[in-house]
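Structure, as structure tokens:
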Amino acid sequence: IIRFIQKETQKPLLAAVTDQNEIYTLPVSNVLDIVEHAKQNKSKVIDLINNIIKDSLPYPDSLEELELLTPIEAPEVWACGVTYQKSKEARNYEATNGKLDATTFYDKVYDAERPELFLKSTKERTIAPNKDLYLRSDSNWQIPEPELGLVLTGDGEIFGYTVGNDLSCRDIEGENPLYLPQAKIWARSCSLGPAILLTDAVEDPYKFEIICRIYRDEELLFEGRATTGQLHRRLDELVSFLKRDNIVFPGTVLLTGTCIVPPNEFTLADGDKIEIEISGIGTLVNVVKTQVAKV
Ligand code: DO4
Ligand code: MG
């Protein structure tokens, strides 16, 4: 499922993309309408969509020609932390100035029953594929965090998967964990897309391959790979903690934590291009820009 701006009308359209990359526009503006309809009819979302598109003609433009939007306007984006060994090691490095033998609260949260969950973004702060992410002006150590995103109904059911970038400041978080919201949330610090892969189409969500590439001046600077099989928690366990005594707005996205961290000496610079690819979902591409100071 994608959303894009129709050139002629400049209005958003919702569409289904087939395995052959054919695009079929859908008669509603929000995929949640179809999810709700499927629930009421006790049918599968994917069957409803296949029914809608079976007698239609594909959209004339190719995926590359479209101005993509986030596949859903997530009212809130939440994120999980320290759900992979790799993330635990990176946080320990930040928090201990590289003294990796120390035991920290990151070690504790990795093994605790309660996972780390935090509010990452709101729809106003979240940007679409191919739009610029902003670097924070008061940080000198910033990295992308490639993450699998769970797309949720208001009941907290996972109806799809997307790709998310939890852009983060390692120095701010490393200085003091109480600074976490500032290390994570600012204007344009989160991107989502390019698509939602429906849960109905996924055999095993612990088999997603995640690849992150960072380019500077067109040159590949970093490439990292991982799989959701390395996740230290279950996806439904993470969702259950988000739902606990909470309101989940329909279309909320829960990012499931990073499994790829660039080398400790790496920081993002103005103009770097980040690609995050998740098998079967697509590649989320964004360039990072230094924010222009507001007068
Ligand atoms: O502990 C802080 C945040 C961790 C995080 O964002 C991650 O593990 O992805
Ligand atoms: Mg993260």
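Tabulated data for the structure shown
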quantity	calculated
Two-decimal ratio, the chain, of alpha-carbon radius of gyration to 2.2 N^0.38 Å	0.99
Dipole of the chain, positive direction: furthest Cα of Thr228, Phe118, Thr162, with charges on the beta-carbon	Phe118
Computed FRET value (nearest 0.05) for Asn246 with Asp33, which takes r as the C-beta separation and R₀ as 22 Å	0.40
Largest to smallest accessible area among Lys108, Lys184 [probe 1.4 Å]	Lys108, Lys184
Solvent-accessible surface (1.4 angstrom probe) belonging to Ile247, in square angstrom, nearest 10	110
His232 accessible area, assembled protein chains, probe 1.4 Å, Å²	80
Where the chain is the region considered: accessible area per residue in Å², 1.4 Å probe	49
³J(HN,Hα), Karplus 6.51/-1.76/1.60, whole Hz, each residue of segment 126-131, x for Gly, Pro	9, 10, 8, x, 6, 9
Computed [θ] at 222 nm, deg cm²/dmol, the chain (DSSP H ≥ 4; -39,500 (n - 2.57); rounded to nearest 500)	-5000 deg cm²/dmol
Along each principal axis, Cα extent of segment 11-147, largest first, Å	62, 37, 28
Tensor-based shape of segment 165-295 (alpha-carbon gyration tensor, a/c under 1.5 rounded, otherwise prolate or oblate)	oblate
Percentage relative contact order, segment 76-290, counting C-alpha pairs under 8 Å, at least six apart	31
Under-5 Å amide H pairs with Leu135, H placed in peptide plane, nonlocal only	Lys289, Thr290, Gln291
Residues listed by number, segment 61-103, amide nitrogen under 20 Å from Gln291 label point at 7 Å toward C-beta	76-79
Stretchable slack from Ala112 to Glu223, in nm (0.36 nm times residue separation minus alpha-carbon distance)	36.9 nm
Whole-Hz ³J(HN,Hα) from phi, Karplus 6.51 cos²θ - 1.76 cosθ + 1.60, for segment 248-261, glycine and proline x	10, 6, x, x, 4, 10, 10, 7, 9, x, 8, 10, 10, 10
Estimated distance in nm for a label pair at Lys42 and Val202, the labels positioned 7 Å out from Cα along Cα-to-Cβ	2.6
Of all accessible heavy-atom area on the chain, the percent that carbon and sulfur account for (1.4 Å)	48
Helix 85-95 axis, angle to the chain major axis (alpha carbon atoms, nearest 10°)	40
Cross-link pairs beyond the 30 Å C-alpha cut-off, checked among Lys11/Lys120; Lys88/Lys207; Lys11/Lys44; Lys243/Lys273	Lys243/Lys273
Calculated FRET value between Gln182 and Glu157, using beta carbons and R₀ = 45 Å, to 0.05	0.90
Among Asp236, Asp132, Asp204, residue whose mean-square fluctuation peaks in a GNM of the chain (springs only between Cα atoms under 10 Å)	Asp204
Contour minus Cα-Cα distance for Glu22 and Asn51 (0.36 nm per residue)	8.9 nm
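The values are calculated or read from the model by the stated rules, or taken from the named source; none is laboratory data. What you are looking at is a predicted structure, and each value in this text was computed from that prediction instead of being measured. Every residue, glycine among them, receives a Cβ derived from its backbone with ideal geometry; neighbour counts consider all protein chains shown. Calculation scope for accessible area: heavy atoms of the full protein, side chains included, ligands and nucleic acids excluded. Shrake-Rupley method; radii C 1.70, N 1.55, O 1.52, S 1.80 Å.
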